[in-house]
Amino acid sequence: MASARNLGAGDDGAGSFKVKICGLKTPDALHAALDAGADLVGFVHFPRSPRHLALADAPRLIGEARGRAQVVALSVDADDALLAAIVEAFRPDVLQLHGAETPQRVAAVRARFGLPVMKALPVARSEDLAPVADYAAVADMLLFDAKPDPGALLPGGNGRPFDWQLLAELDAACPVMLSGGLTPENVAEALSVARVDGVDVSSGVEDAPGVKSAEKIFAFVAAARKAAAARRDRPAAAVPSKAQPIEGQAS
């Protein structure tokens, strides 16, 4: 099984910093992400999302990413039968759970499917970080996304940021990624504040919901890489020390 370390992090160096482009559903969008140098490419299987990728369409599209980036399959509160179908069709390197899955469910999915798990956690206030330790003990990576409004149709991809200062002193004990309202214009500011090992973008590189812009994808990856390099080059005292992956999490 791939380890948490392989998903990213361990220090503040740009070399370990990960960029994920999510919600890809066309060859043009995927090619842009790969050519821009994304480390992870995300594919959504959730019918309510404008970025939904059907099981039948997944193999041909995702096959082009093999060997160039890690494939992430995003689902929302999927049961084992649906996850098995997603794994068969998407053949992902990583499963991203973006619903209300409990730590126990995360552990069960990881054990059943033998794949690293990235768990998304919705954040609006400091209290929303209370479950971090429980999830960090069972997930390979945590992704912090803006908490949607009550009754929202989508759990993520809503183009809304949250207060990045909430992650300024975070010590999650596993790699963490920032999402929610990131764009080519604000990712550098986000990385100057949030203590994270990577960034994830979807709506921030779109011209319309589900319609990716190659220009914005290239601009986002370049801006994120530049910001990560700048963080690496800052004096050591100015850079918080990163949390290491949990002992024994690799397998």
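Just so it is clear, none of the values below were taken in a lab; they were calculated from the coordinates. All values reported here derive from a predicted model rather than from experimental measurement. With ideal geometry, Cβ positions are generated from the backbone for all residues, glycine too; neighbour counts draw on all protein chains shown.
Annotation: amide H-H contacts under 5 Å for VAL123 (H modelled 1.01 Å from N, sequence separation of 5 or more, or interchain): ASP145, ALA146, LYS147. A straight chain from ALA214 to ASP80 at 0.36 nm per residue would run longer than the Cα-Cα distance by 44.8 nm. Annotated for segment 4-238: lysine pairs at least 8 residues apart or interchain, Cα distance under 22 Å, count 15. Would you please classify the overall shape of segment 4-238 from the alpha carbon gyration tensor, given that a ≥ b ≥ c denote the square roots of the eigenvalues, rounded means a/c under 1.5, and beyond that prolate means a/b larger than b/c while oblate covers the rest? Rounded shape, in that the Cα axes give a/c under 1.5. For GLN96, the residues 5 or more places off, or on other chains, whose built amide H falls under 5 Å of its own are ALA73, LEU74, SER75, MET118.
Computed from label points 7 Å out along Cα-Cβ, the spacing between THR102 and THR26 is 4.2 nm. Where the centroid of each part is defined by its Cα atoms, how far is segment 33-90 from segment 99-138 in Å? One Cα centre to the other: 19 Å. Database remark: amide H of SER213 closer than 5 angstrom to the amide H of GLU206, ASP207 (H placed geometrically; neighbours at sequence offset of 5 or more, or on other chains; Pro and chain starts carry no H). The ASP207 and ASP35 beta-carbon pair, evaluated with R₀ = 25 Å, returns a calculated FRET efficiency of approximately 0.90.
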